[in-house]
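To keep things clear, I will list the structure first and then write my remarks on it.
The values are calculated or read from the model by the stated rules, or taken from the named source; none is laboratory data. Quick caveat: nothing in here was measured; it's all calculated off a predicted structure. Quick reminder, even Gly has a Cβ in these numbers, built from the backbone with ideal geometry, and neighbours come from all protein chains shown.
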Amino acid sequence: MSKAALRTAKPVVARPTAAARSAPAAAAPAAYSADLVTLTSPQSRGAEAIRALRAHLLAQHLNAGRRSLVVCAATVDVGCTFVATNLAVAMAQVGIKTLLVDADLRAPAIDKIIRPPAPATGLVQCLSAQGAPISDYIQDDVLPNLSVFYSGGPAANAQELLTHDWFEEVMNHCLREYDLTIVDTPPANASADVRRISNVMGYSLIVARRNRSVVADVKTLADQLADDHVKVVGAVMNTD
């Protein structure tokens, strides 16, 4: 993923078994990828760009009382997970109680950047265990003020899990328990997941990448989110 500067802009126009429920949660992650620049390379251009994005969102989003942000993209490989993960760490670094959710149930990647020491149960298992204690599936204190809701692996029935009312209940729990919930999502051109997730959470940030993203694709995503009554709070350009 690109670790170069980011440029913010205004939006484009626009019940498993009892044994499964009682499975112990994984310990706090022990390793971090070099892509986590806000932690591993705090003086880099990428980290500084993430801090600039943080300042913008603090002023224009969190200070308005908003507690959710879906990070999304029109296509694959534009740096969506990079932005979501680094932004979550940056928010935690200024004392905001933050939850990072890997809601990409197609090809989850947060566990490649914030690496648990063992496979962690997560959103897939929680959504499959309707009514189970949600906090049992969240890894708390991964870093000071940062918790992670891993995906728990890919799911063959991702759309069904996300469409169920239980998903909305799970996300509402997260919004109550954390100052800010940041959600990573699969690309919009691969599934309708991002539209469902954004509709539940209410607010989205679109990520694009120079020389890879097509303006028409980004506009289509912005229009779709607007049609779904989602507020697009801005756009981020990953630059090479």
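Check 181, 163, 185 and return the single one that is of a type in the set (Val, Ile, Thr) and in contact with an Asp or Glu (Cβ under 9 Å, 6 or more places away or on another chain). Give the derivation first.
Numbers: 181 fails: in contact with an Asp or Glu (Cβ under 9 Å, 6 or more places away or on another chain); 163 fails: in contact with an Asp or Glu (Cβ under 9 Å, 6 or more places away or on another chain).
Answer to the check: 185.
Looking at region 167-180, is at least one residue within 20 Å of residue 50 (Cα to Cα), at pLDDT 95 or above and either crowded, with 21+ Cβ neighbours inside 10 Å or hydrophobic (A, V, I, L, M, F, W, C) (or both)?
Filtering region 167-180 down to residues within 20 Å of residue 50 (Cα to Cα) leaves 179-180.
Adding the requirement that they be at pLDDT 95 or above leaves 179-180.
Still in the running and either crowded, with 21+ Cβ neighbours inside 10 Å or hydrophobic (A, V, I, L, M, F, W, C) (or both): 180.
Yes.
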Q: Would you mention how many residues in region 55-85 are out of contact with any Ser or Thr (no Cβ under 9 Å at 6 or more places or on another chain), of a type in the set (D, E, K, R) and within 15 Å of residue 183 (Cα to Cα)?
A: 1
Q) Quick one: in region 117-141, which of the residues that are modelled with pLDDT of 95 or more and among the β-branched types (Val, Ile, Thr) is farthest from the chain's Cα centre (by Cα)? A) 134
Q | Pairs where the first residue, in region 44-62, is in a helix (DSSP H, G or I) and the second is modelled with pLDDT of 95 or more and of a type in the set (Val, Ile, Thr), C-beta under 6 Å, 6+ apart | A | 46/37; 47/37; 47/38; 50/38
Q) So, in region 65-96, of the ones that are polar (S, T, N, Q) and not in a loop (DSSP other than H, G, I, E, B), which residue ends up nearest to residue 173 (Cα to Cα)? A) 68
Q) Hey, residue 99 hits all of (1) in a helix (DSSP H, G or I); (2) crowded, with 23+ Cβ neighbours inside 10 Å but one; which does it fall short on? A) (1)
Q.
Filter region 53-78 down to the residues that are buried (at least 16 other Cβ atoms within 10 Å of the Cβ) and in contact with a Pro (Cβ under 7 Å, 6 or more places away or on another chain) and list them by number.
A. 73, 74, 75
